[in-house]
Every structure is written in C-alpha cells, then in structure tokens.
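The values are calculated or read from the model by the stated rules, or taken from the named source; none is laboratory data. In this text, all values refer to a predicted model and were calculated from it rather than measured experimentally. Cβ: placed from backbone, ideal geometry, glycine included. Neighbour counts: every protein chain shown. In case anyone asks, the SASA skips ligands and DNA or RNA and just uses the protein heavy atoms, side chains included. Shrake-Rupley method; radii C 1.70, N 1.55, O 1.52, S 1.80 Å.
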Amino acid sequence: MKIKKIDSSNINSVDFENLNFGAVFSDHMFTCDYVDGKWINPEIIPYQPISVSPASRVFHYGQACFEGMKAFKDDNNDVWLFRPTENYNRIIKSSVRLAMPKFPEELFFEGLNTLLKMDAQWIKPGIGNSLYIRPFIFASEGSINATEACEYKFMIICAPASSYYSDDVKVKIEKSFSRAAKGGVGYAKAAGNYAAQFYPTSLAIDEGYQQIIWTDSSTHQYIEEAGTMNLFFRIEDKLLTAPTSDSILDGITRKSLIQIAKDKGIDVEVRPIKVDELIDAANSGTLIEIFGSGTAVVVLPIVGFGFENKKFDLPKVENSWASILKNELNGIQYNLIDDPYNWTVKI
Ligand SMILES: *Cc1c(COP(=O)(O)O)cnc(C)c1O
C-alpha cells in the first residue's frame, strides 16, 4: 500500500467544540480502484477532491453503497472499533445486491487500520466524541450503458463527530410513501435508498417532525424503521423491535442492544409490530418509550409521534431503558467497562 502524508495537519483549523458533523474530514483518506477484474492501487493520501468521468455510472444509475462505523478513544489514548467485521460483512452484502465486486477483507482492514493510526489525533476521548468512518464503493466507469460497471472505486473517509441530535425528536408514521419494497434493496446501505427518503422527510419536517417511521410498502400496517435507525418500543414490561427483512436494514447497534437488553433481564420480543398496536398502547398509556438505534446516534429517544392527523406525546420516564442501554453500549465502546461479548477491537 502506498502512503502519502499530508504536509501539515488541518486539525488546528477545526473547532471540536462546535463540530459541523459530516462537513469536516480528517487529514487522510484511503482509495483503491477496481480495473480489469482486480482491486489495484491501494493508497492513503491527503483528503482531497477526486477526478472521475461525468459519465461515471454512479451519477446515472446510482450504483453505490456505503458503511458507517466509529472509532472511539479511551482515557489511555487507545483507539477502539466496535464490531468492525459486521460492517465489512454488510458492505459485501450491499455490494453483491448492487452487482458490485467484493472488496477484499484483508485490504479493508489494512487500509482502515493504517488510516486510523495516521489520523488518531482526530479521535477525541470522552463519551460522545468519536471519528465517524465512511467506507464506500461506487461505479466509476465512464460509460452510460445501463448495465453494471466494470470499474469501481472503494474509499474510506473519516469525519470527527460529537453527539448527533440534541433537540427533542418527533417522528411521523408514514402511510403514503415507502422506503423499501419486498425484493428491493432496503437491507443494503445502497446510496439511492437515502435519496428517495429526502422528499418525504422534507414534507414531514414541514409538519413539525424530524424523521419518518417507515411502514411496510404493501399494507402500511407494520412498523419498519426510521431514516438511518432501527426502532425499539417499550410497551408495558416488554421491549419490542421488528425482525429484520429484505426491507429493513440489519443494524449492528440494533442487534447489540437486543443482546445487552436480554442480558439485563429485559423481556425483548423481536416480532412484527402493527401501527394499530402502537396507537392502542399510546392511547391506553402502556407505550412508555420509543427509541431509535444506529451507529451515528447510538440510541436516540423519541419524544412523540404522529399518525394520520393525530399527534401523540410520550411521558418523561426516569431511568429510561434508552438511557440504560445507551450507557452500557457506550461503556463497552469507550472501553470503560468489561466487554463480555468481545465486540471491541483495539487498533
Ligand atoms: C445504517 C442504518 C441503520 C443502523 O445500522 P447500524 O449498523 O446500527 O449503524 C438502520 N437503518 C438504516 C436504513 C441504515 O442505513
């Protein structure tokens, strides 16, 4: 692997107290090309614009997918990844669905680990601080023939992050638009899945919500997930979450929270959840919490939701399951507590 270091770091120009998440990147990036059936030219170079053909198929047919993961720093300045092999396996799953070549596992981790070592000063210690890692693959071949491309680029870029949403989050249960269909690409982190959400989400924002809860595309009766989060519902003494499917993304945070909750003695039920059940529970006062889960937000409490023309507010709860689970997961991620699951990997 070729390495070209930046002349002088950009880190001093970044205000870590007021981070504009997603707009600031660390000093270096990893890139690798797929040409003639082989991954070639792996290198780490200073973060910079790239040059591609305007006919690159990614611009015309959306052949692209990505991952989202985080690096955490503990008080000894050691850097940790959380279940990174799960991210690797998922980008392979996404790549296969989008007819893209599989990026080799060894090269993925060699590139990632080298990049994190070079940019380690961008990872700030303290809960909430992390380096968000964005691996992605796109069709770079300059030809607008509507078939899968023969040339691709794999890249990893990194953005420093502090806590994600701060305001109270309310969500709209969507009945008209759909995020993902049976047999579609909902389970993949396919770029186009997100583009298709922006318009319905902007309408929801106009109505006073921040995000959408998607329902199944054929009946709109079953809860699926939110924009980039899986969902959990605390109803009476149970924690409910929908099973993953071809229209629900198999979140790593989701499955980690399920495991932690079970080990804390919480009664977790993974089963289809009807919108009606949620409305009934909200009306009868048995719906206690809703929260989203994902790498970016970790655990995001949701304070209210809307369905058709009705709005529902959730009560404030002491010792919420959202906060208990978030603390435990963060504790493991930041190496503050024992990791009985062997989820964390030291860089
Ligand atoms: C990334 C993502 C999630 C969360 O997955 P994590 O592995 O927990 O980060 C959930 N839903 C969608 C649609 C996503 O893109």
Inset, instruction - Kindly indicate the residue of the range 241-272 that is part of a strand (DSSP E or B) and closer than 15 Å to residue 226 by Cα and also most open to solvent (accessible area, probe 1.4 Å) among those meeting that condition. - result: 245
Inset, instruction - Sort out which residues of the range 322-345 are under 22 Å from residue 131 (Cβ atoms), free of Cβ contacts under 8 Å to residues at least 24 places away in the same chain and not aliphatic (A, V, I, L, M), and write them in order of number. - result: 327, 331, 339, 342
Inset, instruction - With respect to residue 178, determine if the residue is crowded, with 21+ Cβ neighbours inside 10 Å and within 15 Å of the ligand (Cβ to nearest atom). - result: no
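Results for (1) more than 15 Å from the chain's Cα centre (by Cα); (2) within 16 Å of the ligand (Cβ to nearest atom); (3) part of a loop (DSSP other than H, G, I, E, B); (4) not assigned by TED's automatic domain parsing to the domain that holds residue 193, shown as yes or no for each residue.
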{"site": "76", "(1), (2), (3), (4)": "yes, no, yes, yes"}
{"site": "85", "(1), (2), (3), (4)": "no, yes, no, yes"}
{"site": "88", "(1), (2), (3), (4)": "no, yes, no, yes"}
{"site": "100", "(1), (2), (3), (4)": "yes, no, yes, yes"}
{"site": "107", "(1), (2), (3), (4)": "yes, no, no, yes"}
{"site": "110", "(1), (2), (3), (4)": "yes, no, no, yes"}
{"site": "117", "(1), (2), (3), (4)": "yes, no, no, yes"}
{"site": "138", "(1), (2), (3), (4)": "yes, no, no, yes"}
{"site": "144", "(1), (2), (3), (4)": "yes, no, yes, yes"}
Legend entry - Failed item in (1) surrounded by fewer than 16 Cβ atoms within 10 Å (Cβ to Cβ); (2) over 18 Å from the mean Cα position of the chain (by Cα); (3) not acidic (Asp, Glu), with residue 153 passing the rest: (1)
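Evaluate the range 197-208: report whether one residue or more is touching a strand residue (DSSP E or B) at 6+ places or on another chain (Cβ under 9 Å) and within 13 Å of the ligand (Cβ to nearest atom).
yes
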Inset, instruction - Scan the range 241-257 and give yes if some residue there is away from the ligand (no atom under 16 Å from the Cβ) and either out of contact with any Cys (no Cβ under 9 Å at 6 or more places or on another chain) or modelled with pLDDT of 95 or more (or both), otherwise no. - result: no
Inset, instruction - Filter the range 153-186 down to residues that are among the aromatic types (Phe, Trp, Tyr) and modelled with pLDDT of 95 or more, then give me how many there are. - result: 2
Inset, instruction - Among residues belonging to the range 273-311 that are hydroxyl-bearing (Ser, Thr, Tyr) and within 16 Å of the ligand (Cβ to nearest atom), point out the one that is most open to solvent (accessible area, probe 1.4 Å). - result: 295
Inset, instruction - Can you give me the number of residues within the range 99-112 that are more than 17 Å from residue 40 (Cβ to Cβ) and either at pLDDT below 95 or in contact with an Asp or Glu (Cβ under 8 Å, 6 or more places away or on another chain) (or both)? - result: 1
Inset, instruction - Those residues that are closer than 30 Å to residue 299 by Cβ, open to solvent by 50 Å² or more (accessible area, probe 1.4 Å) and touching a residue at least 60 places away in the same chain (Cβ under 8 Å), I need them from the range 88-112; list them, please. - result: 93, 97
Legend entry - Filtered residue count, the range 206-240, keeping only those that are open to solvent by 10 Å² or more (accessible area, probe 1.4 Å), more than 23 Å from residue 325 (Cα to Cα) and either in a strand (DSSP E or B) or in contact with a His (Cβ under 6 Å, 6 or more places away or on another chain) (or both): 1
